[in-house]
1. Test Lys290 against the stated conditions and say whether it is under 18 Å from Leu43 (Cβ atoms) and basic (Lys, Arg).
2. Considering region 62-83 alone, what residues qualify as being in contact (Cβ under 8 Å) with a residue 24 or more places away in the chain, more than 19 Å from Ser32 (Cβ to Cβ) and not basic (Lys, Arg)?
3. Among the candidates Gly105, Gly57, Gly41, single out the residue that is touching an Asp or Glu at 6+ places or on another chain (Cβ under 9 Å), among the small types (Gly, Ala, Ser), assigned to a loop (DSSP other than H, G, I, E, B) and under 21 Å from Ser152 (Cβ atoms).
4. Got a sec? Which of Ser342, Ser309, Ser281 is surrounded by fewer than 24 Cβ atoms within 10 Å (Cβ to Cβ) and assigned to a helix (DSSP H, G or I)?
5. Checking Val257 against (1) in a strand (DSSP E or B); (2) surrounded by 24 or more Cβ atoms within 10 Å (Cβ to Cβ); (3) touching a Lys or Arg at 6+ places or on another chain (Cβ under 7 Å), which single condition isn't satisfied?
6. Of the conditions (1) in contact (Cβ under 8 Å) with a residue 24 or more places away in the chain; (2) out of contact with any strand residue (DSSP E or B) (no Cβ under 8 Å at 6 or more places or on another chain); (3) of a type in the set (A, V, I, L, M), Val341 satisfies every one except a single condition; which number is it?
7. Before we move on, is Ser323 among the polar types (S, T, N, Q) and closer than 20 Å to Phe181 by Cα?
Amino acid sequence: MRLRVRRVGMQQKLGKWSLRFTEAPFILESSSVVGTKEADGPLGGLFDIVGKDDRFGQNTWEKAESSMQRDALTMALGKAHLDASDMDYVFAGDLLGQSMATTFGVENFRIPWFGVYGACSTCGESLSLAAAFVAAGYARHAVAVTSSHFGSAEKQFRFPNQYANQRPVSATWTVTGSAAFIVGSGAGGNEIQAVCDNADSISRKVQIEGITTGVVVDYGIKDAMNMGAAMAPAACELIVNHLSDFGRKASYYDRIVTGDLGSVGQKILIDLCRQKGVDISKNHEDCGMKMFDATNQNTGSGGSGCACSATVLSAYYLPKLRSGELKRILFVPTGALLSPVSFNEGESVPGIAHGVVLEAVI
């Protein structure tokens, strides 16, 4: 066993884009809820709750999405042995107009709510805000929640499901699901934290070491069926800015994990990063490519939606950090900032990405 020891000091602002929490908050618990298609994918056995059908006992797609949020938040609280009254804030949002799925999903918990919209990057944005509030001492516990639903997203952004339109290879499949993350305070001011490199017998916790906030990046993409191309430039800028602020190389991370670029967007991202002198080809993975078997499930380039990165983080990556299989990852959910109005008016599809540094510690 080899331990690297760091002293915990004051919170730091790094460069223009980043914060490093030297009093780092922890992801205490999380939960994941998915639909039937997601359960049939490669990660199907890892999710906490699988719906018997994609309506989750409701009569509309939108109500189903709210139901998933309630289930995810309830389960995460139960895992952490906490009540809704223990939560100081909830940071939550979805893809629908005025975050309607979240409005009805979190209303009965009576937790002070900050509504968040980052499109499919909402998990990264809500985790960033929850971590910042806890690290700054404004909250002891905060919860980040998000969701998406294939049916509600198709109805709002593309075509009615009954239309049966053909989907190009570049298209992604909106994940039906929800995830919730309980963020809590970590070590005190002058205590010592040990970052575990290899100690199989030691129980690990996952801390949010820092965050990097993205900016809107617009390459003029207007194809709503190629979200990977729209979001990849924002992911590239986030990764490059993050590495510059933290003074790190891409190889510092076991994985650099994007949210839902899919196979098309992944190729674009790797090429864009190389043009900026950063090679992520050896340690990059994408949640959208993890979620589905694109060949056998007919999901095009991969998965997308707020729930894509959120459920894969909860069910797949956090357990790998806790087990010690992974030591640190840069989690980079990506979002396409379009609306039905902007698309119908011929506007381009800008992208956004948010970075969260997750590290296994003892």
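The values are calculated or read from the model by the stated rules, or taken from the named source; none is laboratory data. Note that the structure is a prediction, hence the values are computed from the model and not measured. Glycine also receives a Cβ, built like all others from the backbone with ideal geometry; neighbour counts cover every protein chain displayed.
1. Spelling it out, Lys290 is indeed under 18 Å from Leu43 (Cβ atoms) and basic (Lys, Arg).
2. Glu62
3. Values: Gly105 fails: assigned to a loop (DSSP other than H, G, I, E, B); Gly57 fails: touching an Asp or Glu at 6+ places or on another chain (Cβ under 9 Å).
Checking each option against the conditions leaves just Gly41.
4. None of the other options fit; the residue is Ser342.
5. Failing condition for Val257: (3).
6. (1)
7. Yes.
Residue by residue, here is whether (1) within 30 Å of Glu237 (Cα to Cα); (2) modelled with pLDDT of 95 or more; (3) loosely packed, with under 15 Cβ neighbours inside 10 Å holds:
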site: Phe21; (1), (2), (3): yes, no, no
site: Phe26; (1), (2), (3): yes, yes, no
site: Ser30; (1), (2), (3): yes, yes, no
site: Ser67; (1), (2), (3): no, yes, no
site: Arg70; (1), (2), (3): no, yes, no
site: Met75; (1), (2), (3): no, yes, no
site: Ser85; (1), (2), (3): no, yes, yes
